[in-house]
Structure formats: C-alpha cells, structure tokens
Amino acid sequence: GVIRSYDFTVSRGFIAPDGYQRPVLLVNGAYPGPLIEANWGDKIVVTVHNNITGPEEGTAIHWHGFLQQGTPWEDGAPGISQCPIAPRKSFTYEFTASLFGSTWYHGHYSAQYSSGVVGPIVIHGPTRAKYDVDIGPIMLSDWYHKDYLALIKQMLSPNADPRVFSDNNLINGKMNFDCSTVAAGDWTPCISNAGISKFNFRTGKTHRLRLINSGADGVQRFSIDEHVLTVIAEDLTPVQPYNTTVVTLGVGQRTDVLVTANAGNPMSGFWMRSNLTSCTPARQPHAVAAVYYDHADTSKAPTSKAWNVSDPGTCANDDLSVTQPLYPMPLPNPTFTQTMAIDTFKNASNITLWRFNGVSMRADFNEPPLLLANQGRFDFPPERNVLNLYANSSIRIIVKNNSPAAHPIHLHGHNFYILHQGPGEWDGTIVRPSNPQRRDVQQVRAFGHLVIQFDANPGVWAFHCHIAWHASGGFLSSLIVQPSKVQQMRVPETVRQTCRDWSLWTSQNV
Ligand code: C2O
C-alpha cells in the first residue's frame with residue numbers, strides 16, 4: 001500500500017458551532033477535524049503535536065475501529081497503550097488500514113473528544129453498492145456548552161446527578177440555538193440562527209452518506225424526509241442492503257446508507273433530521289440539515305414533513321436479523337466465556353461511579369498495561385480493571401446491563417461478532433451463527449444483555465462504554481489478549497518515550 005501522511009496539531013480555541021461560543025480543543029483549528037482518507041491496505045502515518053496551552057494538558061488520538069494487528073501501541077489509548085502525549089511534545093502514529101469503510105478518530109484522553117478533538121476517516125475499498133455520488137462523512141453529535149472538565153467535575157461531585165445533559169445536537173458541526181434560553185447572567189457571546197448544514201443532491205442520482213455518531217452520549221435517530229435509506233455498512237462491516245426510514249446510531253457507531261434523489265417536489269428542499277432518543281439526557285435533542293436537489297432554491301427552508309415513526313425508546317440498534325454481513329464469517333467455538341456486569345454504586349464520598357465487571361476503573365497514565373505486559377508484568381492493581389484472557393483464541397463475552405441506562409459497548413482492536421442482544425437475560429440463542437453481524441460498537445439496552453465474541457488479536461485493548469461520561473466514571477476495562485505474544489512484540493522506543501516525557505511533565509506540573 002501507499003503511505004498517507006498527516007500532521008495534526010491539537011490546541012485550544014473558541015468556536016460557536018451553534019452560535020453559542022465556548023472554549024474547545026481542536027485538531028488543526030477545525031471542528032470537525034480534517035478528513036483522513038486512504039485506500040484499503042494503505043499505511044496511515046499521523047504526527048500529533050500537543051500544543052494545548054493555557055492550561056496545558058495531555059492528549060492522545062485513537063483511530064476508532066482499526067485492528068492494529070501487530071501494532072497495539074499505535075491505538076492511541078493513554079493509560080493503556082501509551083502514556084499521554086505531554087504538552088509541547090509530539091508522537092507519530094503508524095498503522096495499516098486493514099478494514100475499509102467509514103470511521104473516525106478522536107481524543108482518548110479523559111472525555112477530551114467531547115470538547116472537539118474528533119474527525120472523520122474514509123477508507124476506500126471494494127463495494128458492490130451502486131451509487132453516483134459520495135457525499136462523504138456526516139458527523140452527528142450531541143453538543144455541550146461547557147468544557148468537558150467542568151462537566152466531569154460536576155458529575156463526579158458528591159450526591160450529583162450522574163447524568164450529563166447535552167445542550168444541543170449538531171449535524172457536521174452546525175445547528176441553530178435559541179439564545180433567549182441562555183441562563184440569566186450568562187454573558188457568553190451567542191447568536192441565534194447560526195445556520196445549519198446544507199447538502200446538495202443530484203436529481204435522480206444515488207448518493208452514499210457516511211453517518212458517524214461522534215457524540216459524547218446521545219443515541220441518534222437519523223432520517224431524511226420522504227427518502228428511504230438503504231443501509232450498506234454498519235461500522236467497518238459491509239452488510240446485505242436493507243431499506244429503512246430511520247437509522248439508529250449509538251455513540252461511536254457508523255452506518256453507510258444510499259439515498260436516491262427521487263422524492264416529492266424536487267424544487268423545495270427536504271429536512272435531514274437527527275434526533276437524540278428519549279433514553280438520552282438532552283436539553284435540545286433535535287438536529288436538522290437541509291437537502292437540496294439541483295435547481296432548488298437553497299435560500300428557502302425545506303417544507304417537507306417528517307416520516308411518521310415513533311421512537312421505541314429502547315436505544316437498541318436495528319434487529320440483528322436484518323443486519324447481515326455481506327462477506328460471511330462463521331462463528332467459531334469460544335475457548336473461553338466471560339460475563340461482565342454493568343452497574344453503578346456510590347463511593348464513600350457519595351459520588352456515583354460506574355462498575356464494569358465489579359470494578360470502577362481508575363487510570364494510571366504512567367503505567368500503561370500494554371507496556372508493562374510487554375515486559376512480562378501482569379500484576380495490576382484491581383482498580384486498573386485489567387482482565388487477562390491468556391492464550392484463548394476466541395473469547396465470548398456476555399455483557400449483563402444491571403443499570404437503567406443503555407450503553408454503546410466498544411472493544412478496541414477487534415471487529416467482534418454479535419451473537420445476541422435484548423432485554424433481560426440471554427436465553428442462549430445465537431442470531432445467524434453461520435454469519436453473525438460484526439461491529440466495533442453495539443448498544444446494550446437498559447437492564448438488557450449483549451453477547452459478543454472475538455477472535456484474539458494479541459495486545460492490550462480498551463473495552464468500555466463509549467459514553468464519554470460513563471468511561472470517565474470508571475466504565476472501562478483493559479483486556480490482555482494472548483500475553484505471551486504481547487511479550488514478544490518489539491515496541492518502538494517512541495512509545496516508551498511518551499512515558500518519560502509524561503512523567504517529566506507531571507513532576508513539574510503538579
Ligand atoms: Cu472510539 Cu475507546 O474509543
């Protein structure tokens with residue numbers, strides 16, 4: 001493959017994507033950040049400079065959905081696969097595009113990505129889908145008017161509501177906001193009617209839309225008035241095409257859809273809508289953008305009517321029976337099965353924390369388990385929530401959600417099989433074992449179950465709820481997969497250098 005090189009600088013700034021100005025962290029000054037584009041099999045090289053100042057903080061960028069086969073240290077999970085990139089330092093990531101489709105990158109330091117460190121990735125590959133125009137990535141994101149550190153501080157204070165309410169919902173970084181709803185005494189600059197995203201469709205042609213839920217918390221329900229969506233991929237898995245009017249995306253998930261511009265009145269526009277579901281804590285859950293065909297008057301607001309579909313309120317993804325991979329991979333027999341329960345508890349200070357497999361994770365940025373495991377050290381303090389899966393080749397995990405919230409469950413370094421999901425306990429049945437759905441994020445319902453399985457990719461991998469606030473509240477585990485192979489890996493010196501730089505910076509800045 002070819003080498004695709006990028007240079008990313010992460011720094012502070014102020015933006016007002018919905019008219020309300022707030023401090024943010026940006027990649028190359030843009031929100032969303034720049035597109036990474038490559039072909040299947042290419043090598044992607046990204047140098048990340050940490051220019052975050054006033055105040056300084058660490059960073060690291062995760063390439064969501066990449067397998068990182070043989071390169072787990074390029075995964076960008078600080079406190080797991082590397083130390084954070086210290087302020088005024090740089091780190092160069094190098095990894096192969098071994099899957100193809102639509103994905104994204106995001107800051108993986110604390111909940112940093114909810115303050116702006118996000119961007120789309122498109123890996124071009126073979127497709128049987130027929131379309132004329134690639135509209136490219138459409139980022140769907142809940143949006144907060146406060147910085148992530150302030151939100152985490154609030155959430156992790158004694159007797160606080162563990163839910164974090166978003167203030168708005170954006171399509172490709174735009175939406176209007178009603179500034180008259182801003183609290184009295186808040187003098188932050190705010191402009192109502194900041195503007196929405198607009199998309200041009202070619203009349204009669206078929207368009208590919210690459211939907212990405214890059215939000216911190218909210219489950220999105222995406223639709224375009226008067227247009228049927230043909231789903232062709234879920235995460236980095238092409239699927240047998242199926243038609244729907246609404247696509248549900250949990251945080252981190254992607255869905256590629258085809259849309260043909262052959263609806264109603266081609267001269268007036270159509271609303272594209274993305275609504276945060278009722279299971280999402282949100283103050284303003286509705287996002288809109290406008291779709292215009294050729295010759296439509298783009299200065300006029302669309303007049304189309306929404307599809308009449310109700311929100312089932314489960315936060316579940318499309319039924320596994322309809323999401324069938326185009327290229328089948330039969331489910332192997334598992335060599336090990338682990339149950340992992342989700343719940344919350346109040347600690348001694350009356351702070352509500354999340355537990356995954358009985359432990360609320362507390363990170364140690366100075367001792368990433370991947371680097372320790374590589375040196376033959378497997379003795380982690382229990383609060384690190386590291387689970388050693390030994391030499392097992394196929395691991396089944398039964399996720400049991402004992403909490404009243406739905407969760408987007410994400411595993412790094414793997415494209416897992418989804419065996420079953422639903423309310424209550426798993427009854428042992430597997431949906432389509434000859435060709436189960438494969439994804440890198442899947443929703444588990446409130447008080448429900450999700451059963452996944454994955455074929456071992458040696459490394460130490462984050463396994464967590466992709467809701468930024470839940471991960472920050474301890475909902476994260478690290479899985480050691482095939483430790484003896486991890487010990488044999490040659491970790492580049494630049495990765496260990498992140499730890500020397502980080503410990504020097506922390507020793508001077510605490
Ligand atoms: Cu997209 Cu651990 O995250």
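The values are calculated or read from the model by the stated rules, or taken from the named source; none is laboratory data. Source: prediction; values computed, not measured. Here Cβ is always computed from backbone atoms with ideal geometry, including for glycine, and neighbour counts include all displayed protein chains.
Annotations for the structure displayed:
- Restricting the range 65-83 to residues that are within 19 Å of the chain's Cα centre (by Cα), part of a loop (DSSP other than H, G, I, E, B) and at negative phi leaves a set whose member that is farthest from the ligand (Cβ to nearest atom) is L67.
- Positions within the range 118-138 being of a type in the set (V, I, T), in contact with a Leu (Cβ under 7 Å, 6 or more places away or on another chain) and in a loop (DSSP other than H, G, I, E, B), in sequence order: none
- All positions within the range 27-46 that are touching a residue at least 40 places away in the same chain (Cβ under 8 Å), in a loop (DSSP other than H, G, I, E, B) and of a type in the set (G, A, S): G33, G41
- Scanning the range 291-313 for residues that are of a type outside the set (S, T, N, Q), over 18 Å from L276 (Cα atoms) and touching a Ser or Thr at 6+ places or on another chain (Cβ under 8 Å) turns up Y292, Y293, D294, H295, A296, D297, K300, P302.
- Condition met for L151 (in a strand (DSSP E or B), crowded, with 22+ Cβ neighbours inside 10 Å, among the aliphatic types (A, V, I, L, M) and modelled with pLDDT of 95 or more): no
- Set side by side, the residues I351, I395 differ, and just one is under 24 Å from the mean Cα position of the chain (by Cα) and in contact (Cβ under 8 Å) with a residue 12 or more places away in the chain, which is I395.
- Residue-level analysis places Q453 outside the set of residues that are touching a Gly at 6+ places or on another chain (Cβ under 7 Å), of a type in the set (S, T, N, Q) and either buried (at least 23 other Cβ atoms within 10 Å of the Cβ) or farther than 25 Å from R362 by Cβ (or both).
- Which listed residue is crowded, with 24+ Cβ neighbours inside 10 Å and without any contact (Cβ under 8 Å) to a residue 60 or more places away in the chain, from F201, F270: F270
- Yes/no for R88 being within 30 Å of F177 (Cα to Cα), modelled with pLDDT of 95 or more, more than 15 Å from the ligand (Cβ to nearest atom) and among the basic types (K, R): no
- Leading residue by the ranking (nearest to the chain's Cα centre (by Cα)) among those in the range 97-148 that are surrounded by fewer than 24 Cβ atoms within 10 Å (Cβ to Cβ) and acidic (D, E): D147
- You will find that of K130, K146, the residue that is out of contact with any Lys or Arg (no Cβ under 9 Å at 6 or more places or on another chain) and more than 18 Å from G29 (Cβ to Cβ) is K130 and no other.
- The listed residues are V322, V309, V359, and the only one of them that is within 22 Å of V228 (Cβ to Cβ) and either modelled with pLDDT of 95 or more or surrounded by 15 or more Cβ atoms within 10 Å (Cβ to Cβ) (or both) turns out to be V322.
- Within the range 318-333, the set of residues being out of contact with any strand residue (DSSP E or B) (no Cβ under 6 Å at 6 or more places or on another chain) and of a type outside the set (A, V, I, L, M) comprises D318, D319, S321, Y327, P328, P330, N333.
- Among the candidates S304, S310, the residue that is out of contact with any strand residue (DSSP E or B) (no Cβ under 8 Å at 6 or more places or on another chain) and part of a loop (DSSP other than H, G, I, E, B) is uniquely S310.
- The set of residues from the range 317-348 being in contact (Cβ under 8 Å) with a residue 24 or more places away in the chain, in a loop (DSSP other than H, G, I, E, B) and aliphatic (A, V, I, L, M) comprises L320, V322, L326, M329, L331.
- The criterion of at least 1 residues that are among the polar types (S, T, N, Q) is met, among strands (runs of 3 or more DSSP E) falling completely within the range 243-296, by 247-249, 254-260, 270-276.
- Count - residues of the range 445-462 that are under 15 Å from M340 (Cβ atoms) and in contact with a helix residue (DSSP H, G or I) (Cβ under 8 Å, 6 or more places away or on another chain): 1
- Only one of the listed residues (H49, H62) is assigned to a strand (DSSP E or B), within 15 Å of A363 (Cβ to Cβ) and touching an Asp or Glu at 6+ places or on another chain (Cβ under 9 Å). That residue is H62.
- Test: A184 is in a loop (DSSP other than H, G, I, E, B), of a type in the set (A, V, I, L, M, F, W, C), surrounded by fewer than 16 Cβ atoms within 10 Å (Cβ to Cβ) and modelled with pLDDT of 95 or more: no
- When S110, S141, S102, S157 are screened for being within 16 Å of the ligand (Cβ to nearest atom), assigned to a loop (DSSP other than H, G, I, E, B) and not β-branched (V, I, T), only S110 passes.
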